[in-house]
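The values are calculated or read from the model by the stated rules, or taken from the named source; none is laboratory data. Predicted, not measured: the structure shown is a model, and the values here were computed from it. Glycine gets a Cβ as well: all are built from the backbone with ideal geometry, and neighbour counts include every protein chain shown. For the accessible areas, the whole protein counts, side chains as well, though only heavy atoms, and no ligand, DNA or RNA atoms are used. Shrake-Rupley method; radii C 1.70, N 1.55, O 1.52, S 1.80 Å.
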There are 2 protein chains.
Amino acid sequence: MTDKIEVMENIYGENEKIAGRVAASLAAKGVLCVNVMGAPGSGKTSSLIRLIEGLGAEYAAYVIEGDIESDIDTQKLKSLGVEAIQINTHGACHLDAAIIESTVGSMKFKKRGVLFIENIGNLVCPAEFLIGEHLKLLVVSTADGSDKPYKYPLAFEKADAIIINKTDLLPYVDFDREFFVAGVRALNRNAPIFFVSAKTGGDFDEVVKWLRKKAGTI
Amino acid sequence: MTDKIEVMENIYGENEKIAGRVAASLAAKGVLCVNVMGAPGSGKTSSLIRLIEGLGAEYAAYVIEGDIESDIDTQKLKSLGVEAIQINTHGACHLDAAIIESTVGSMKFKKRGVLFIENIGNLVCPAEFLIGEHLKLLVVSTADGSDKPYKYPLAFEKADAIIINKTDLLPYVDFDREFFVAGVRALNRNAPIFFVSAKTGGDFDEVVKWLRKKAGTI
């Protein structure tokens with residue numbers, strides 16, 4: 001397995017270098033890059049839509065959609081008038097910096113704003129790979145239970161903000177808010193935790209405020 | 001990246017060899033090995049509990065719990081009187097055959113039955129690695145939406161049976177059953193699809209019947 005470890009170290013190192021390049025080039029254009037991570041079905045795309053609505057006219061919204069297969073989310077965004085570019089990884093369990101660098105290279109950023117990159121639905125692997133982001137936004141569903149920080153620590157440790165989505169389901173699922181927050185705080189003292197429902201749109205104001213503040217300082 | 005491809009091919013080949021050994025040795029003991037896969041929070045452990053209840057006295061139930069960190073699920077099983085062994089991968093996104101071979105080597109199988117191996121919560125990577133199973137059981141949550149087969153095809157393609165869990169949430173979530181089943185059937189013509197609620201225990205009879213039939217022919 002030494003071969004594997006060496007190859008993986010080379011891959012991480014090269015990836016980090018490219019990610020640094022992407023982040024710097026986006027910052028120079030006034031574009032904040034947000035790596036949106038979360039398990040399958042946590043509501044990454046529907047949260048994105050709420051955030052884009054909230055950003056308003058002051059900031060442009062750019063979207064790259066990562067999926068193993070299909071362009072369902074990109075079509076959903078386009079039907080709402082949001083420009084989105086689809087990447088299909090055809091099996092790969094996470095996006096990497098090289099694929100983002102080549103995608104970003106083909107995009108036009110006419111105005112300052114936010115580039116959302118929706119990663120592959122996976123609570124494990126995406127947390128290990130930088131893709132050129134300035135911030136990692138983690139989306140979690142109440143329906144998936146409150147033990148997730150304990151079972152999948154890395155994503156929670158690395159997140160710059162955490163959205164607990166699907167609060168509309170709280171009356172019907174077992175979600176222990178205190179246990180969840182304690183699990184997050186053991187790993188990550190600083191990331192704000194936002195309880196929201198992308199379905200009803202409730203409580204997104206605070207997330208938007210946080211995002212606009214970050215976009216204003218890039 | 002040629003190095004990576006070569007190393008990965010060696011890893012897959014070696015893994016497959018060990019998995020074959022594990023599967024044969026369990027079959028020789030009259031133990032059916034079920035690889036339980038699914039996204040984080042889909043309800044793998046609670047489905048396991050329903051299946052173990054349903055197996056009854058005729059078949060013994062053995063459990064290996066795979067998690068990146070924590071032993072929450074193993075403690076839950078033990079509190080219900082189910083013998084379970086915890087594996088923590090400390091970062092790795094899936095179980096592999098070597099870790100299962102060494103774990104199974106330390107277990108005593110006194111009676112014919114079923115060994116459930118709960119894989120890491122991840123709808124992507126576990127589908128790529130055999131771990132010594134005779135069957136793959138995929139657990140999906142209605143709350144995660146009906147587009148999962150389109151976005152994460154490999155797990156659905158390889159599944160021997162699919163459990164759609166959390167049907168108790170159907171009145172509160174957008175789940176298009178027809179769209180979901182069509183997506184599964186485009187990838188997998190044969191796997192039975194069971195709609196169940198591990199929370200209420202509803203509709204597990206058919207899954208248990210299927211499992212007992214499989215356990216009877218090992």
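Descriptive notes on the structure:
- Top-ranked residue in region B:143-166 [being under 25 Å from residue B:209 (Cα atoms) and charged (D, E, K, R); ranked as surrounded by the fewest Cβ atoms within 10 Å (Cβ to Cβ)]: B:157
- In the set A:42, A:46, only one residue is part of a helix (DSSP H, G or I), under 27 Å from residue A:76 (Cα atoms) and within 13 Å of the chain's Cα centre (by Cα); that residue is A:46.
- Members of region B:1-48 that are closer than 30 Å to residue B:205 by Cα and free of Cβ contacts under 8 Å to residues at least 60 places away in the same chain: B:24, B:28
- Only one of the numbered conditions (1) of a type in the set (S, T, N, Q); (2) within 20 Å of residue B:25 (Cα to Cα); (3) within 12 Å of chain A (Cβ to nearest Cβ) is not met by residue B:88, and that is (2).
- When B:169, B:211 are screened for being buried (at least 17 other Cβ atoms within 10 Å of the Cβ) and farther than 26 Å from residue A:68 by Cβ, only B:211 passes.
- Candidates A:77, A:51 - the one that is without any contact (Cβ under 8 Å) to a residue 40 or more places away in the chain and within 25 Å of residue A:194 (Cβ to Cβ): A:77
- Qualifying helices (runs of 4 or more DSSP H) (wholly inside region B:108-218; at least 2 residues being in contact (Cβ under 8 Å) with a residue 24 or more places away in the chain, among the β-branched types (Val, Ile, Thr) and more than 14 Å from chain A (Cβ to nearest Cβ)): B:205-216
- Given (1) within 12 Å of chain A (Cβ to nearest Cβ); (2) over 17 Å from residue B:136 (Cα atoms), index of the condition residue B:80 fails: (1)
- Given (1) open to solvent by less than 10 Å² (accessible area, probe 1.4 Å); (2) more than 14 Å from chain B (Cβ to nearest Cβ); (3) β-branched (Val, Ile, Thr), index of the condition residue A:104 fails: (1)
- Residues that are away from every other protein chain (no Cβ under 13 Å) and in contact with a Cys (Cβ under 9 Å, 6 or more places away or on another chain) do not occur anywhere in region A:28-37.
- Of all residues making up region B:45-54, the number that are within 10 Å of chain A (Cβ to nearest Cβ) and open to solvent by 30 Å² or more (accessible area, probe 1.4 Å): 1
- In this structure, residue A:81 does not qualify as at pLDDT 95 or above, closer than 21 Å to residue A:50 by Cβ and assigned to a loop (DSSP other than H, G, I, E, B).
- Yes/no for residue A:82 being at negative phi, of a type outside the set (Phe, Trp, Tyr) and either open to solvent by 30 Å² or more (accessible area, probe 1.4 Å) or in contact (Cβ under 8 Å) with a residue 60 or more places away in the chain (or both): no
- Between B:57, B:61, the distinction of being on the phi < 0 side of the Ramachandran plot, more than 14 Å from chain A (Cβ to nearest Cβ) and surrounded by fewer than 19 Cβ atoms within 10 Å (Cβ to Cβ) belongs to B:57 only.
- Selection of region B:31-44 for residues being farther than 20 Å from residue B:158 by Cβ and open to solvent by 10 Å² or more (accessible area, probe 1.4 Å) yields only B:41.
- Test result for residue A:72, modelled with pLDDT of 95 or more, open to solvent by 10 Å² or more (accessible area, probe 1.4 Å) and over 17 Å from the mean Cα position of the chain (by Cα): yes
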